[in-house]
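Below is one structure; the comments refer to it alone.
The values are calculated or read from the model by the stated rules, or taken from the named source; none is laboratory data. Predicted, not measured: the structure shown is a model, and the values here were computed from it. Heads up, the Cβs are rebuilt from the backbone with ideal geometry, glycines too, and the neighbour counts pull from every protein chain shown. The protein model used for the area step is the full one, side chains on, heavy atoms only, and it has no ligands, DNA or RNA in it. Shrake-Rupley method; radii C 1.70, N 1.55, O 1.52, S 1.80 Å.
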Amino acid sequence: MTVVNALDIGLAALVLALAAWTVAAREAFAAAVGYVAYGLLLSLVWVRLFAVDVALTEAAIGSGVTGVLLIRAAARLRGATPALDEPLAPPLRFLAGVLCAMVAGALAATVLLMPDPAPTLAPQAVGNLPSTGLGNAVTAVLISYRAFDTMLEKVVLVLAVVGVWSLAPDACWGGSPGAPRPARPEAALAFLAQVLPPLGIVVGIHIFWVGADEPGGAFQGGAILAAMWMITMMAGLTEAPPVSSTRLRLVLVSGPAVFLAIGLAGVVIAGGFLAYPSGSAKPLILFIEAFMTLTIAATLPMLVAGPPEQPPQP
Amino acid sequence: MNTASLAGITGALLVGLGLFGLVTNPRPLRKLLAFNLLGSGVFLLFGVLARRGAAAGIAADPVPQAMVITGIVVAFSATALAVALLLRLFEETGRSTLRADPPSKAAGDGSGA
């Protein structure tokens, strides 16, 4: 018990030290690299809280995909003139520090004062599992009990892509997302991009598939598939499809569209929006999740690549 | 102190650190990084509530867990949109600052850049 406790304290100290580094590092690039390490360690904290589904999501999206996004942005902003950004005057910094310490202290006190054990919906979530045919209560919450949240969140992803693409310069509209690829990819990256995807695609589909009963699901599996596509694009082995491509757009909206269609069908068949007819809940849920995985696998790389920066190829 | 309370204190300190970075660092990308720290601290507080809500044979309440999973994805979407805005600003002006006007001492090199 004490060994586990010491490990927990060490993990918390490491997480906080990396977070402090992310805030204090001079270079934005170094801070972004620190953020990736921070996210991976934070996912270990999530494992210690017995929230393996969240740990997978944090590692894949919170640390991995967000990390790629921030590191690339930091690398591109290296040329920006930093002279205009003066830090706050020391007295103000001190004041801000006091304020933030007070916020953190109040939150910590609240956490310690809150009832333990906390009020919980776990019995209801587990009690209704048989009607969904699922074994993983988190997946049941995501796709069945609180399906509305998850559907709207898919819409948010699509809206974010629309927002990012709308930042394209006029001349570049219709081109492939992101900056032009280098003519000669780096050998090590190209090698990795050839070796990793066969494994990664299998792992991604596996994590999506077992999500019904074990930790995993559409978010986590989709993020791994997205990573495989990103690495082949970064290595220059594949070109991103142009933003005017109808196929790409269909894939991007397929997740929320299928979710919405089945939800509306539920009004007629099962007597409620996003209700599933009893007996066929699990196949329907897996059907929705399959399209959600596809949408996530396509959306995340598009968000990381950014708006098109090259005119469309004739 | 149990694991959940320790994680709760970690989360609270992460919120404080993130808020400090957000308020004090003038550069937009660093503000974004700090805001993500703040967000992950808030998510961790949800995780503490989930762990304390262990019941019915599962080790953590699934409802806060599902909300955090949704939250992580939405936070990523917002970060991606903010990064795209920031990079576009940099492309247009050669600067990555939130200041509307360059300060007077840098007026000579800042106006046309």
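Listed values, structure above:
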item: Residue match in the stretch A:132-145 (condition: of a type in the set (Ser, Thr, Tyr), open to solvent by 70 Å² or more (accessible area, probe 1.4 Å) and under 26 Å from the mean Cα position of the chain (by Cα)); result: yes
item: Within the stretch B:1-15, considering residues that are free of Cβ contacts under 8 Å to residues at least 24 places away in the same chain and of a type outside the set (Val, Ile, Thr), the one most open to solvent (accessible area, probe 1.4 Å); result: B:Met1
item: Condition check for A:Val253: open to solvent by 50 Å² or more (accessible area, probe 1.4 Å), part of a helix (DSSP H, G or I) and more than 30 Å from A:Gln310 (Cβ to Cβ); result: no
item: Hey, B:Phe46 more than 7 Å from every other protein chain (Cβ to nearest Cβ), open to solvent by 50 Å² or more (accessible area, probe 1.4 Å), assigned to a helix (DSSP H, G or I) and farther than 28 Å from A:Ser144 by Cα or not; result: no
item: Any hit, the stretch B:58-65, residues being within 7 Å of chain A (Cβ to nearest Cβ), closer than 30 Å to A:Gly79 by Cβ and part of a helix (DSSP H, G or I); result: no
item: Condition check for A:Ile201: in contact (Cβ under 8 Å) with a residue 24 or more places away in the chain, in contact with a helix residue (DSSP H, G or I) (Cβ under 8 Å, 6 or more places away or on another chain) and open to solvent by 60 Å² or more (accessible area, probe 1.4 Å); result: yes
item: Hits in the stretch A:140-153 (condition: part of a helix (DSSP H, G or I) and either under 20 Å from A:Ala270 (Cα atoms) or among the small types (Gly, Ala, Ser) (or both)); result: A:Ala140, A:Val141, A:Leu142, A:Ile143, A:Ser144, A:Tyr145, A:Ala147, A:Phe148, A:Asp149, A:Thr150, A:Met151
item: Within the stretch A:1-119, helices (runs of 4 or more DSSP H) holding 1 or more residues that are of a type in the set (Asp, Glu); result: A:2-24, A:52-57
item: Checklist (1) farther than 30 Å from B:Phe90 by Cα; (2) surrounded by fewer than 21 Cβ atoms within 10 Å (Cβ to Cβ); (3) within 14 Å of another protein chain (Cβ to nearest Cβ) applied to A:Phe219, failing item; result: (2)
item: Which listed residue, of A:Arg76, A:Arg93, is within 10 Å of chain B (Cβ to nearest Cβ), surrounded by fewer than 17 Cβ atoms within 10 Å (Cβ to Cβ) and more than 19 Å from B:Leu44 (Cα to Cα); result: A:Arg93
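Residues checked against (1) surrounded by fewer than 17 Cβ atoms within 10 Å (Cβ to Cβ); (2) at the interface with chain B (Cβ under 10 Å from one of its Cβ atoms); (3) in contact with a Pro (Cβ under 9 Å, 6 or more places away or on another chain):
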{"position": "A:Val3", "(1), (2), (3)": "yes, no, no"}
{"position": "A:Phe29", "(1), (2), (3)": "no, yes, no"}
{"position": "A:Val36", "(1), (2), (3)": "no, no, no"}
{"position": "A:Phe50", "(1), (2), (3)": "no, yes, no"}
{"position": "A:Gly62", "(1), (2), (3)": "no, yes, no"}
{"position": "A:Leu70", "(1), (2), (3)": "no, yes, no"}
